[in-house]
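Beneath this line is the structure, given in structure tokens, with notes to follow.
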Amino acid sequence: MKYQSQKVAFWYFGAAMALFAIQVLVGAIMGYIYVAPNFMSELIPFNIFRMLHTNALIVWLLLGFFGAAYYLIPEEAERDIESPMLAYGQLILLVVGTLGAVLTYVFNFAEGNVVFGQQGREFLEQPLWVKLGIIVAALVFLYNITMTVLKGRKTAVSNVLLLGLWGVALFFLFSLYNPGNLSLDKMYWWYVVHIWVEGVWELVMAAILAFLMLKLTGIDREIIEKWIYAIVALALFTGLLGTGHHYYWIGTPGYWQWIGSVFSALEIVPFLAMVVFAFMMVWKGGRDHPNKAAVLWALGSTVLAFFGAGVWGFMHTLAPVNFYSHGTQITAAHGHLAFFGAYVSMNLAMITYAMPYLRKSEPYNQISNMISFWLMAGGMSFMTITLTFAGIIQTHLQRVNGEDFMSVQEQLGVFYWMRLGSGIVFVIGALLFIYATFGPKKVRA
Amino acid sequence: MKHTRTNRAGLLRTWAILMGLSLATMLAGRVNENLSLAPLWAMALLGVAGLKARLILGRFLGLRHASSDWNSAFTILLVILQVSLLAAFLALYLPVFHSPTP
Amino acid sequence: MQTKSAARNIFYGGSLFFLVIFIGLTANSHKYIRNTSTNAETLNESVVRGKRIWERKACINCHTILGEGAYYAPELGNVFVRYGGKDDAQGAKDAIKAWMQAQPSGIEGRRQMPDFKLTDPELEDLANFLEWVSTIDTQGWPPTDAG
Amino acid sequence: MQGHKNAESWGPLSSLPGNPMIWILILSELMVFGVGLMGFVIARDIDPVGFAKSQDSLNRLAGAINTMVLITSGLFAALAVEARARDNVQTSRWWLLAAGSFGVIFLIIKAFEYRDKILHNSAGLNENFLTLYFLLTGFHAAHVVMGLVILFIVGWKNNLENIETGTAFWHMVDLIWVLLFPVIYLLR
């Protein structure tokens, strides 16, 4: 840690990890409800858990991104953060908003209220006041970071990161528009959801990856920065029109089937480029960085993202395939591995890298961290495979044979049991990770 | 990255060849008549298109100044594209498609 | 340095290019949804109220609608069709309402839908919403009535 | 820092003329249009009669003329690079203007074609054909517009690398049309 104000990141990462723990525990409960449906059904129904699971994920990933930005921007800009106070204020705002959202979902005390009631569009359920809070927090953040960059050294890494985070804030504005026409609603809903995860978040991911490669491999900045532009260019060139793969069956024109198929099929390319880039840099760099766990997470992230977002996305992105697979467990399989590979893992890579500096400890609590990687990666991969099989069977029985949804689901029990098992392994991995990074300091013997 | 050095005569020659090929295709295809192409004609048409594309790449884009690996890579890419298009076009001649047409 | 700034410019320019095309196409789709694929005349206040109920009860976090949602409970974009609404609209709506009111089933080992304690007018709105959704031109999706 | 990584090192991409990013773009565009054209030919296999009828309603002559317009425009663009390589800034600007003007001619012809198609004779034609015709040629035309903007920029920020990179984009647009035109207009 070269700059005092980088310390801000510690609290962001801490808050992120607390939510991560909640997210995976709720996930495990949901996995259990899948096999024992009556569990807690009167107390907290499945849909509430689902909101907690997905919202916790989104918020903690954002907290992680903010933390990563607060950590890496000072080193890139070669100066302290414009205002650490604002950064802490922003965190408090986000934590209050998160707690508010959680209480709203669980107790549903303001149902129907325009400002305080939950707004049940998937992933965007936050009550209006929380949404506005998020926007204010984003503005504070963007002011803080932009000023830091403008007054300091400007690099490609901070450029791409900033553009990504500006995009995050800008496209979030579409969450405020909710027309009564369901088709219009869905079309603009994807402006947030797709353009986040298959657009601007990829910029953030690539920027963090580039920063880690700079630090971990010792390759020249010049080379890394050129690659980063090539990767993010590929991401946006394919990702923007790739939105079309969500516009097949929601009342939008038929031409999206062509556009969506062609461009989203190519969305695999930037992920492949990231794998090649990361492995080339580590291989060529040859510097033996002591933080092996961070290297593992960074490399692992690109590979898992390639499979989860790239390969599993491609599997059902072509319109004629998607016609049958749309909205089955195949989507769930893809969603899990893609989020874990691309965004969870890259966040954990950054945390693994930064925590020893933030806590002023040697990065030598690595064995448990690396074990946690394999537990999480293994658990998630197995979960993806079980859900894929479940999805293929579901597609056949329900979409081809036309069997009733519930009777199909009842035939998938064995897969849901296996998913629960892999989920529990993942939870153990996640908790081990938190222990490894936030637990007792280990000092070099 | 490197810069290319080209000369005017070479560029004009490339242009003349491209125009010649275009005109020849136009005349041979009798542009305004609605004829079906036989497999051989389709092959010629796609072949000429690939050749024109290759010329533009090599001469106008200066690919021929790059390494021979890149040159073969682009040639292979174009061949794959044109051959796939041809194959998809000729698929109609397969017996599967010889069901009664409406 | 030269090549890097050019790389940056190509990235910015290219992204802008695709963004403009994307926005243009969505504008076209917006018009298409308004005029062609959905029925503006039947999109009355009751349907919109039904949509708000759908939202504030977080239905999408179990069900899917037009294939998007939580995959835990059946697809509802075509539930109206599944209940025979094409032939007997009132019968289908009554059946949907009756189903809602019979929840939770309490059957052991069966996925449970909560009792949302909807009033009769609310049930009517929700049923109208589901009826309207079933009229969206979805390019033929879903492949079977099972959703 | 170890090793002597020179600033120009783009790995294998370094040996290509013009900015390597433009080659990444060229490869991607070839893939996009390649896949699109494959889709077109496969869609034709499903309804060859409808496709032939739809194709006959296109103005093939306009398309052929446009091919030659773009090829000529490409020549001008290449001459602009050649002039700039001899440090002849003003000449290179004239050539860029000439290239751009031919690009405008292309768009005008295209606009007439589109107007014709939209206003008069789209009824009863194969829907896949029309969708793909508009998508592929429209996406290409959007590239032409983008190319005009780029030609303007590199004419203004006139240095050899910019001109090489900008005209490379222009040639790519030309190249795509050369592949597009025969498949959509002629193959039958």
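Readers should treat all values here as calculations from the given coordinates under stated rules, not as data from a laboratory. Note that this is a predicted model, so its numbers are computed, not measured. All Cβ positions, even for glycine, are placed from backbone atoms using ideal geometry, and neighbour counts span all protein chains on display.
Amide H to amide H distances under 5 Å link residue C:75 with C:64, where only residues 5 or more positions off or on other chains count and H is placed in the peptide plane.
An oblate overall shape is assigned to region B:2-95, the ratio a/c of its alpha-carbon gyration tensor axes (a ≥ b ≥ c) being 1.5 or greater and a/b not exceeding b/c. Comparing A:224, A:92, A:268 in a Gaussian network model of chain A (Cα springs below 10 Å), the most mobile by mean-square fluctuation is A:92. Using a Gaussian network for chain A with springs between C-alpha atoms less than 10 Å apart, which of these wobbles most: A:429, A:242, A:402? With Cα springs under 10 Å in chain A, the top fluctuation among A:429, A:242, A:402 is at A:402. What percentage of all Cα-Cα pairs in region D:44-114 are separated by more than 20 Å? So the portion of pairs separated by more than 20 Å is 48 percent. Ranking of A:367, D:150 by neighbouring Cβ atoms within 10 Å, starting from the fewest: A:367, D:150. Roughly what angle does helix A:46-77 make with the longest principal axis of chain A, taking Cα atoms, 0 to 90 degrees, to the nearest 10? With both axes taken from Cα atoms, the answer is about 20 degrees. Remark: A:259, A:428 ranked as A:428, A:259, counting other beta-carbon atoms within 10 Å and listing the fewest first. Global size of chain A: 21.2, 66 Å for Rg and Dmax (C-alpha atoms, Rg to one decimal, Dmax whole). Relative to the dominant Cα principal axis of chain A, helix A:128-151 is inclined by about 30°. Please work out whether region A:273-402 counts as rounded, prolate or oblate from its C-alpha gyration tensor, where a ≥ b ≥ c are the square roots of the eigenvalues and a/c under 1.5 means rounded, while otherwise a/b larger than b/c means prolate and anything else oblate? Here region A:273-402 falls in the prolate category. Arranged from fewest to most other beta-carbon atoms within 10 Å of their beta carbon, A:111, A:125 become A:111, A:125.
Computed on chain D, with alpha-carbon pairs under 8 angstrom and 6+ residues apart, the relative contact order is 34 percent.
Result for chain A in a Gaussian network model with C-alpha springs under 10 Å: among A:413, A:67, A:180, the largest mean-square fluctuation is at A:180. Normalised by the number of residues in chain A, the average gap of Cα pairs under 8 Å and 6 or more apart makes the relative contact order 15 percent.
Legend: mean number of C-beta atoms from other chains within 10 angstrom of residue C-beta atoms, peptide C:19-29, equals 6.
Rounded to a whole number, what is D in µm²/s for the protein assembly as shown from Stokes-Einstein with the Kirkwood radius over alpha-carbon pairs (20 °C, 1.002 mPa s)? The estimated diffusion coefficient comes to 73 µm²/s. Evaluate region D:127-183: find the radius of gyration of its Cα atoms, find its Kirkwood radius, and give the ratio Rg to Rh. When Rh is taken as the Kirkwood radius, the ratio is 1.12. With the gyration tensor restricted to C-alpha atoms of chain C, the semi-axes of the equivalent ellipsoid amount to 40, 20, 14 Å, longest first. Using every pair of distinct Cα positions in region A:358-445, the Kirkwood expression returns a hydrodynamic radius of 15.2 angstrom.
Computed on the Cα trace of region A:173-296, the radius of gyration divided by the Kirkwood hydrodynamic radius gives Rg/Rh = 1.12.
Distance distribution note for chain D: the fraction of Cα pairs above 30 angstrom is 29%. Counting only alpha carbon atoms, the long axis of helix D:160-181 and the longest principal axis of chain D meet at about 20°.
Placing one equal scatterer on every Cα of region A:1-154 and applying the Debye formula, the log10 ratio I(q)/I(0) at q = 0.08, 0.09, 0.16 Å⁻¹ is -0.28, -0.35, -0.87.
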